[in-house]
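These notes concern the structure reproduced below.
Just so you know, all these numbers are worked out from the coordinates, no wet-lab data involved. As the structure is a prediction and not an experimental result, all values here were calculated from the model. Because the Cβ atoms are built from the backbone with ideal geometry, glycine has one as well, and the counts that use them run over all protein chains shown.
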Amino acid sequence: MVPPADVIRSRANPLVKRLRALKEQGEREVVLIEGPKLLEEAALSRVHVLEVAASPRIERSARGHRLVRELAAAGTPIHWVHEDVLAALSDAEVSQGVLALARRPAFPEADLFRGTALLVVAAGIQNPGNLGGLLRTAEAAGASGAVLTEGTVDPFSWKALRGSMGSAFRLPHVSGVSLRSFVRLAKTRGVRVAATDPEAPLPYYEADLRHPVAFLFGNEGSGLPGEILRGADLRLRIPMASPVDSLNVGVAGGILLFEAARQRRSAAPREGTASS
């Protein structure tokens, strides 16, 4: 039981002001995490949690009690905040009872190209839910990493982080990259650049995706720049029944990524057999 005297009840408290400023203005070095699920994902992903603001009600669940105690044991400061104050900081319709401040993960560029590279490139994606879902799908398909070009929403904004369900903590990615610069880099790395095009003659399942490849996904409204689309090494068509002519970026990403994963599994030597 948390003693009442230990509970922050004022919205003018310095901790509350700091969390509100972070929520409203953003910060490139740290990230605001909301809810026990995402906080668990951050801890399991070895993200450095700097401090936690929790409502005393988090202690009423076994999961919340364990999470707070494990973080406290690891040396993370725990601040108890009244439910009403915490709710005022929450982006959720109903506060989940815990907010945390964590060090934003950073990944070396080389991590993106490890093994037979399988990359997703978010080129100006603005919807945070779309970006989060794409990162989640990429991790599930075994992608080696993601590139978030200039104009793409922050993967650690609350909605994007919720959409990725913690994948942004683990999937190697770099942000703020020029799309044209990345295309040049991919070519020097021997990575083919692939883009979807409803007019392309080649359906995605006939393309050889066993080699290093980066799938480009453009802005929800304007798509990819014409010069980038025309210069892609692979232009792939996802066949669709009329009159539908486009798919949500997360759905399109899932189709392409899992096809690449399927082809790579099929090409890999089976256990107990010798490779040629």
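Among R20, R170, R60, which one shows the highest mean-square fluctuation when the chain is modelled as a Gaussian network with alpha-carbon springs under 10 Å?
R60
Roughly how many debye, to the nearest 20, is the charge dipole of the range 9-103 about its Cα centre, given +1 on each Lys and Arg Cβ, -1 on each Asp and Glu Cβ, and no other charges?
Values: 15 positive and 13 negative charges, 43 e Å.
Result for the range 9-103 is approximately 200 debye, rounded to the nearest 20.
Please report E34, E109, E29 as a ranked list, fewest other C-beta atoms within 10 angstrom at the top and most at the bottom. Provide the component values of the computation, followed by the final result.
Numbers: E34 23, E109 14, E29 7.
Least to most surrounded, the residues fall as E29, E109, E34.
I need the peptides 206-216, 183-193, 128-138 ranked by packing, meaning the mean over residues of other C-beta atoms within 10 angstrom, with the highest value on top. It would help to have the intermediate numbers written out before the result.
Numbers: 206-216: 19.5, 183-193: 16.5, 128-138: 24.4.
Averaged packing, sorted descending, gives the order 128-138, 206-216, 183-193.
Cα centroids of the range 76-154 and the range 15-57: how far apart, whole angstrom?
Using only Cα atoms to place each centre, the spacing works out to 12 Å.
Counting only helical runs of four or more DSSP H residues, what would the 222 nm mean residue ellipticity of the chain come to if each run contributes -39,500 (n - 2.57) and the total is spread over all its residues?
On the way: 11 runs with 103 residues, N = 276.
Value at 222 nm, helices only: -10500 deg cm²/dmol.
Taking the Cα-to-Cβ direction at N13 and at L50 and moving 7 Å from each Cα, how far apart do the two end points lie in nm?
1.8 nm
Using a simple spin-label model with points 7 Å from Cα along the Cα→Cβ vector, what separation in nm is obtained for T188 and S246?
Label-label distance for T188 and S246, simple model: 3.3 nm.
Once you put a point 7 Å from the Cα of A74 and another 7 Å from the Cα of M165, both along the Cβ direction, what distance in nm separates them?
If labels sit at A74 and M165, their model points lie 2.1 nm apart.
Counting other C-beta atoms within 10 Å, which of M165, M240 has the fewest, and how do the rest follow? Spell out each step's value before the answer.
Values: M165 16, M240 11.
Ordered by Cβ neighbours within 10 Å, fewest first: M240, M165.
Normalised by the number of residues in the range 9-103, what is the relative contact order in percent for Cα pairs under 8 Å and 6+ residues apart?
On the way: 125 pairs, mean separation 41.2, N = 95.
43 percent.
R114 to S266: extension gain in nm, 0.36 nm per residue of separation minus the Cα-Cα distance? Intermediate results must be reported in sequence, preceding the final value.
Numbers: separation 152, 0.36 × 152 = 54.72 nm, distance 1.99 nm.
So the chain would gain 52.7 nm between R114 and S266.
Taking Cα pairs under 8 Å and at least six residues apart, what relative contact order does the chain come out at, in percent?
Numbers: 482 pairs, mean separation 48.2, N = 276.
The value is 17 percent.
Rounded to the nearest 5, what % of DSSP beta bridges with both residues in the range 9-103 are antiparallel?
On the way: 10 of 13 bridges.
DSSP beta bridges in the range 9-103 are roughly 75 percent antiparallel.
Among DSSP beta bridges lying fully in the range 109-267, give the percent that are antiparallel, nearest 5.
Numbers: 1 of 24 bridges.
Bridges in the range 109-267 that DSSP calls antiparallel: roughly 5 percent.
Cut-off is 10 Å between beta-carbons; in what order do H173, H48, H82 appear when sorted fewest neighbours first?
On the way: H173 25, H48 14, H82 18.
In order of increasing Cβ crowding within 10 Å: H48, H82, H173.
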